[in-house]
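Colleague: Please find one structure pasted underneath; my questions will follow.
The values are calculated or read from the model by the stated rules, or taken from the named source; none is laboratory data. Values in this document were obtained by computation on a predicted structure and should not be read as measured data. Cβ placement follows ideal geometry from the backbone for every residue including glycine, while neighbour counts extend to all protein chains displayed. Note: accessible area is taken over every heavy atom of the protein model, side chains too, but ligands, DNA and RNA are not part of it. Shrake-Rupley method; radii C 1.70, N 1.55, O 1.52, S 1.80 Å.
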Amino acid sequence: MLEKVEKNNYFCRKNMETDTIKEGPVFYLGGPVEIAGTVDKETGNATYRIAIVPDELTVVENNDSQNGHGFWWLGIAIAVVAAVSLVVRYILKKHRSNDVKVKTAGQEKSLRQELLKQKDIYKSFCKKGYFSTVRKNKLAVVEESEINELCDAVSEIFPTFVEFLNNHGLSAKDYQFCCLLKSGLTTFELSEIYCVSESAIFKRKQKIKESMGFKSDKRTLDAIFEEI
């Protein structure tokens, strides 16, 4: 309900082009008000406008409230930025660490491959046409002793790979086959060594892959050995 108060608690603004505002009761509207009125000279009808005018204290309180909210949101924004920055730094650090590990592993693998190439038995195979980027119609026959010597060289230079093979309980023949594959011999070169077709070598790879528990793995046996 509107509360009637003394008129002098308020101020009135006179429209200079019209008559003075008509006197009458003034009601409390929750704060200081500004009243203005206009009179239509032709009809004599008066129109009044009443607007609540916030006092200085209310304005200061509202400004303080807005400033408080502003600082609150600013604090949240700073906290979010700091959290995102920490997460990004952690991801970048982890990524760099992984890159270093991959690079180191790649360098070690290349070094071991170079060590294998320096072995006399490897050079002997090269002289017979093996480990060549150019495919030849027929390769020279290698002796069983040469095959075993090459496998021994692989075992010496790739101890982790040998451990991997031993953990899968392969037969002596399959163990030998895997060492030759690890040395870098192609399917064609293996078919020449074992005097069988390339299709037979491929099937043997698949059989060994399945026996080692990699049946559902999309990679080839060559690719799996490459990463060990």
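Colleague: Mind giving me the nanometre distance, one decimal, between the label points for ASN167 and PHE202, set 7 Å out from Cα along Cα→Cβ?
Modeller: Distance between label points: 3.0 nm.
Colleague: Related question: List, in order, the whole-Hz ³J(HN,Hα) value for each residue of the range 157-172 obtained from phi through the Karplus relation with A = 6.51, B = -1.76, C = 1.60 and θ = phi - 60°; use x for Gly and Pro.
Modeller: 7, 10, x, 5, 5, 4, 4, 4, 5, 5, 6, 10, x, 6, 6, 4
Colleague: Moving on. Just subtract the alpha-carbon distance of ASP222 and VAL84 from 0.36 nm times their residue separation and send over the number in nm, one decimal.
Modeller: Separation in residues times 0.36 nm, less the Cα-Cα distance, equals 45.5 nm.
Colleague: Let me ask something additional. Express in Å², to the nearest 10, the accessible area of GLU210 obtained by rolling a 1.4 Å probe over the protein heavy atoms while all chains stay in place.
Modeller: 90 Å²
Colleague: Provide the FRET efficiency to the nearest 0.05 for the GLU146-LYS215 pair, computing r from the beta carbons and using R0 = 30 Å. Write out the running numbers ahead of the final one.
Modeller: Details: r = 33 Å, r/R0 = 1.09.
Between GLU146 and LYS215 the formula returns 0.40.
Colleague: Please say if the range 106-158 is rounded, prolate or oblate, where rounded means a/c under 1.5 for a ≥ b ≥ c the square roots of the C-alpha gyration tensor eigenvalues, and otherwise the choice is prolate for a/b larger than b/c and oblate otherwise? The partial results should precede the final answer.
Modeller: Working: a/c = 2.75, a/b = 1.40, b/c = 1.96.
Here the range 106-158 falls in the oblate category.
Colleague: Sorted by accessible area with a 1.4 angstrom probe, largest first, how do THR160, THR186 fall? Before the final figure, lay out each step's value.
Modeller: Numbers: THR160 90, THR186 60 Å².
These residues rank, largest area first, as THR160, THR186.
Colleague: Then there is this: To the nearest whole percent, what portion of all C-alpha pairs in the range 128-228 is separated by more than 24 angstrom?
Modeller: On the way: 956 of 5050 pairs.
Within the range 128-228, distances greater than 24 Å cover 19 percent of Cα pairs.
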